Amino acid sequence: AQSVAQPEDQVNVAEGNPLTVKCTYSVSGNPYLFWYVQYPNRGLQFLLKYITGDNLVKGSYGFEAEFNKSQTSFHLKKPSALVSDSALYFCAVRDTGDDKIIFGKGTRLHILP
Amino acid sequence: DGGITQSPKYLFRKEGQNVTLSCEQNLNHDAMYWYRQDPGQGLRLIYYSQIVNDFQKGDIAEGYSVSREKKESFPLTVTSAQKNPTAFYLCASSETGPDTQYFGPGTRLTVL
């Protein structure tokens, strides 16, 4: 069975510093991996996805994520954080041949001015 | 504008009443999904549909029902059998299967 874990409930970063939001996964086949962001009282917005190919995936708003097969991780990163990046971030995974995506519990990112 | 609409944004109901949440999309997507979001629990899949007139139970389907009579519409009914219905409900769609999903703005249901 597929699963995804976001080990940090909350991450605090000073504006201008690099940020990382962690995600690890477990699948039996090959993973399809996603990051979504949710601003207060709104739906989720797609940020980026990994299907195959280059391990470093670039997405919206300057975010990127690195697929690491040996560590079964897909951490979200940004070189320089903005206050406007403060939101709830969800990692999600789909196993090969599965027709559902499983979402993590979310990590709340606070960017401190 | 293409997108997903959910109505209403806020919904209040008395305990024991059934309530139906609307979800409409004009993206011409085949697949549609309903999720429930509770604090600290992330998104949990209630029901999903990959094609008109067909749908499958997700991880927490008990106390909910859906229909998919039209490609663009996927209403969710929260029945009186749902033990704890107060939550934020999100609808999503994708072009085919569980690929990139596009989410509606959500409906916050409060059962009094």
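What follows draws every value from the coordinates through simple rules; no lab data is involved. Computed from a predicted structure; not experimentally measured. Quick reminder, even Gly has a Cβ in these numbers, built from the backbone with ideal geometry, and neighbours come from all protein chains shown.
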Exercise. A:Asn12 fails exactly one of the following numbered conditions: (1) free of Cβ contacts under 8 Å to residues at least 24 places away in the same chain; (2) surrounded by fewer than 18 Cβ atoms within 10 Å (Cβ to Cβ). What is the number of that condition?
Worked result: (1)
Exercise. Somewhere in region B:43-52, is a residue over 22 Å from B:Arg13 (Cα atoms) and hydroxyl-bearing (Ser, Thr, Tyr)?
Worked result: yes
Exercise. Counting residues that are surrounded by fewer than 15 Cβ atoms within 10 Å (Cβ to Cβ), which strands (runs of 3 or more DSSP E) fully inside region B:51-93 reach at least 2?
Worked result: B:54-57
Exercise. Which of the residues spanning region B:8-18 are closer than 22 Å to A:Pro40 by Cα and either surrounded by 13 or more Cβ atoms within 10 Å (Cβ to Cβ) or of a type in the set (Val, Ile, Thr) (or both)?
Worked result: B:Leu11
Exercise. Is it the case that A:Ala81 is surrounded by 14 or more Cβ atoms within 10 Å (Cβ to Cβ), touching a residue at least 60 places away in the same chain (Cβ under 8 Å) and not in a strand (DSSP E or B)?
Worked result: yes
Seminar exercise, completed: Taking region B:23-38 and the residues there that are acidic (Asp, Glu) and outside any loop (DSSP other than H, G, I, E, B), the one that is nearest to B:Pro105 (Cα to Cα) would be B:Glu24
For this session: Would you point out the residue of region B:39-50, among those that are in a strand (DSSP E or B) and either at the interface with chain A (Cβ under 10 Å from one of its Cβ atoms) or free of Cβ contacts under 8 Å to residues at least 12 places away in the same chain (or both), that is nearest to B:Ser94 (Cα to Cα)?
Result: B:Gln50
Seminar exercise, completed: Among B:Leu21, B:Leu27, the single one that is within 14 Å of chain A (Cβ to nearest Cβ), surrounded by fewer than 21 Cβ atoms within 10 Å (Cβ to Cβ) and either at negative phi or in contact (Cβ under 8 Å) with a residue 12 or more places away in the chain (or both) is B:Leu27
Problem set entry | Search result, residues across region B:1-18 that are within 11 Å of another protein chain (Cβ to nearest Cβ) and small (Gly, Ala, Ser) | B:Gly3
Exercise. Taking region B:94-112 as the search range and keeping residues that are surrounded by fewer than 18 Cβ atoms within 10 Å (Cβ to Cβ) and under 19 Å from A:Tyr36 (Cβ atoms), which one is farthest from the other protein chains (Cβ to nearest Cβ)?
Worked result: B:Glu95
